[in-house]
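The structure under discussion appears below in the form of structure tokens.
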Amino acid sequence: MFAARQSFNLLQKRAFSASASQASKVAVLGAAGGIGQPLSLLLKLNPRVSELALYDIRGGPGVAADLSHINTNSTVTGYNPDAAGLSDCLKDSEIILIPAGVPRKPGMTRDDLFNTNASIVRDLAKAAADAAPKAHVLVIANPVNSTVPIVAEVYKSKGVYDPKRLFGVTTLDVVRASRFISQVQKTDPAGEKVTVVGGHSGVTIVPLLSQSNHPSISGETRDALVNRIQFGGDEVVKAKDGAGSATLSMAMAGARFAESLLRAAQGEKGVTEPTFVESPLYKDQGVDFFASQVELGPNGAEKIHPIGKVSEYEQGLIDKCLGELKKNIQKGVDFVKSNP
Ligand SMILES: NC(=O)C1=CN([C@@H]2O[C@H](COP(=O)(O)OP(=O)(O)OC[C@H]3O[C@@H](n4cnc5c(N)ncnc54)[C@H](O)[C@@H]3O)[C@@H](O)[C@H]2O)C=CC1
Ligand SMILES: O=C([O-])CC(=O)C(=O)O
């Protein structure tokens, strides 16, 4: 408790000493939702954020008023869909996070969300491309494997696509991977770094345990761990029993990714995060987007790291991933072509 209070005080102190030259406006679209609210809270506590702009089809101003009483320096403004609400929210943003969209219920796959979320993401992408074409766009709404290509197609159609500034947020997969492996190995998760590549659903999530601190994990232990990382989202969907999917852990993961981008934008070198981006790694196999470790810089994705050495077992997982991923990506591209 004492340690938690100490680190919170430290965070507050840093908030008050953040320099004005580091002004960064961050917009959250879907800010009143299960992810949007705790994500906005974490961003309000981040001293690198100077202005927080919160948009939702309902409830944005309420969440903003609540957060605006927190005694950190950033301003918080809420926006409704009326008048120029969305474009005012987006204007001058450096980062746009998109958790807008419906979550899963038990028995559903992420792809089952496509019919509802594809058009939500397409419309928000249109507004973002018009109002803040240079912002970094962080797509959280599922199915990420398809919603990221949707944003890319919208930006292309408006002539403003920069692949270095579009990211599918897969941070939760590595957050889970490090937690789950620490539970098996009885270690501190803070020291466990597990690379997870591919996409963000079921078999497209490929943990590379051979590159972790525990490369010798094998047999049933390995299989169970890989399965738990691939289907970790289902655990939460089942436990919430119809009330949605991961929100709090996702908020932490999204805030971590935004913080990494801001650190990189503010000049820090060597900042890397795993993320689903347009990638050369498997383009020769017709897979244009792929998540891997990416070095971030002021202009976004500076360097896409190669996968590195993988075991035969992991190569099998990657092969399975690529087939599914290719279909998911194509579905997003086709959607925008037929529903511009
Ligand atoms: N990338 C990832 O790792 C994860 C992604 N997700 C996804 O994030 C999305 C959001 O999940 P939750 O926050 O739990 O859902 P939620 O239903 O609690 O919140 C969604 C919010 O979006 C808003 N919204 C709907 N249409 C909108 C529009 N056109 N413009 C602006 N706001 C709009 C709703 O009013 C609501 O406040 C889901 O698609 C979910 O599958 C969830 C967890 C992890
Ligand atoms: O499982 C879901 O539907 C939400 C999600 O993407 C995750 O928790 O990884």
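Whenever you get a sec, compute what percent of the accessible area on segment 171-335 sits on carbon and sulfur atoms (1.4 Å probe). Can you show the working numbers first?
Details: 3700 of 7220 Å².
Carbon and sulfur: 51 percent of the exposed surface of segment 171-335.
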Exercise. What residues have an amide H closer than 5 Å to that of residue 193, excluding those fewer than 5 places away on the same chain, when H is modeled at 1.01 Å from N in the peptide plane?
Worked result: 213
For this session: Under a cut-off of 20 Å between alpha-carbon atoms, report the aspartates and glutamates in cross-link reach of residue 331, not counting same-chain residues fewer than 8 places apart.
Result: 111, 112, 123, 153, 278, 284, 288, 319
For this session: Calculate, for the chain, the solvent-accessible area per residue in square angstrom, rolling a 1.4 angstrom probe over the heavy atoms of the protein chains.
Result: 44
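Where nothing but the Cβ of Lys and Arg (+1) and of Asp and Glu (-1) is charged, how large is the charge dipole of segment 20-170 around its Cα centre, in debye to the nearest 20?
Working: 15 positive and 13 negative charges, 62 e Å.
In debye, rounded to 20, segment 20-170 gives about 300.
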For this session: Find out how many positive minus negative residues lie around residue 277, taking Lys and Arg as positive, Asp and Glu as negative, among other residues whose Cβ is under 13 Å from that of residue 277.
Result: -2
For this session: Hey, can you grab everything whose amide H is under 5 Å from the amide H of residue 291? Only 5+ residues off in sequence or another chain; H modelled, so Pro and N-termini drop out.
Result: 198, 199, 277
Exercise. Rounded if a/c is under 1.5, else prolate if a/b beats b/c, else oblate: with a ≥ b ≥ c from the C-alpha gyration tensor eigenvalues square-rooted, which is segment 171-335?
Worked result: rounded
For this session: Over segment 33-105, with every protein chain in place, what whole percent of the accessible area is carbon and sulfur at 1.4 Å, could you tell me?
Result: 53
For this session: Count neighbours as other Cβ atoms within 10 Å of each site's Cβ, and list the GluC sites (Glu not before Pro) in segment 240-296 that are DSSP loop with at most 14 such neighbours.
Result: 268
Problem set entry | Surface accessible to a 1.4 Å probe, residue 252 within the full protein complex, Å² | 90
Exercise. When the chain is fully extended, how far beyond the present Cα-Cα distance does residue 223 get from residue 83, taking 0.36 nm per residue of separation?
Worked result: 45.2 nm
For this session: Could you name the lysines whose alpha carbon sits less than 16 Å from that of residue 105, not counting residues in the same chain fewer than 8 places away?
Result: 238, 240
Problem set entry | From phi via Karplus (6.51, -1.76, 1.60), per-residue ³J(HN,Hα) for segment 191-202 in Hz, x at Gly/Pro | x, 9, 10, 10, 6, 10, 10, x, x, 10, 5, x
For this session: Among the aspartates and glutamates, select those whose C-alpha is under 19 Å from the C-alpha of residue 193, and discard any that sit fewer than 8 residues away in the same chain.
Result: 173, 223, 259, 273, 295, 314
Exercise. Considering only the chain, what is the antiparallel percent among its DSSP beta bridges, to the nearest 5?
Worked result: 45
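Take every Cα pair under 8 Å in segment 227-340 that's 6+ residues apart, average their separations, divide by the length, and report that relative contact order as a whole percent. Walk me through the intermediate numbers first.
Details: 104 pairs, mean separation 18.8, N = 114.
It rounds to 16 percent for segment 227-340.
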Problem set entry | Local net charge near residue 246, Cβ-Cβ under 13 Å (Lys/Arg +1, Asp/Glu -1) | +3
Problem set entry | Label-to-label distance, nm, for residues given as residue 272 and residue 73 (7 Å Cα→Cβ offset) | 3.2
Seminar exercise, completed: Any helix of the chain counts here only if DSSP assigns it H throughout, its Cα atoms span 24 Å or more along the axis, and its mean Kyte-Doolittle hydropathy is at least -0.5, and such helices are 114-131, 248-265
For this session: Could you tally the net charge around residue 104, taking each other residue with its Cβ under 15 Å from the Cβ of residue 104, Lys/Arg +1 and Asp/Glu -1?
Result: -1
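What trypsin sites (Lys or Arg not before Pro) in segment 247-340 are in a loop by DSSP, with at most 15 other Cβ atoms within 10 Å of the Cβ?
Details: sites: 256, 263, 269, 283, 303, 309, 320, 326, 327, 331, 337; in loops: 269, 309.
Here the trypsin sites (Lys or Arg not before Pro) that fit, given the DSSP loop and packing criteria, are 269, 309.
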Seminar exercise, completed: Using alpha carbon centers only, segment 224-283 is separated from segment 35-88 by a whole-angstrom value of 21
Seminar exercise, completed: Length gained, residue 285-residue 185, 0.36 nm per residue minus C-alpha separation, equals 32.4 nm
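The values are calculated or read from the model by the stated rules, or taken from the named source; none is laboratory data. Not measured: the values here are computed from a predicted model. For neighbour counting, all protein chains shown are included, and Cβ atoms are generated from backbone atoms with ideal geometry for every residue, glycine included. Ligands, DNA and RNA are stripped out before the accessible areas are found, and what is left, the full protein with its side chains, is counted by its heavy atoms. Shrake-Rupley method; radii C 1.70, N 1.55, O 1.52, S 1.80 Å.
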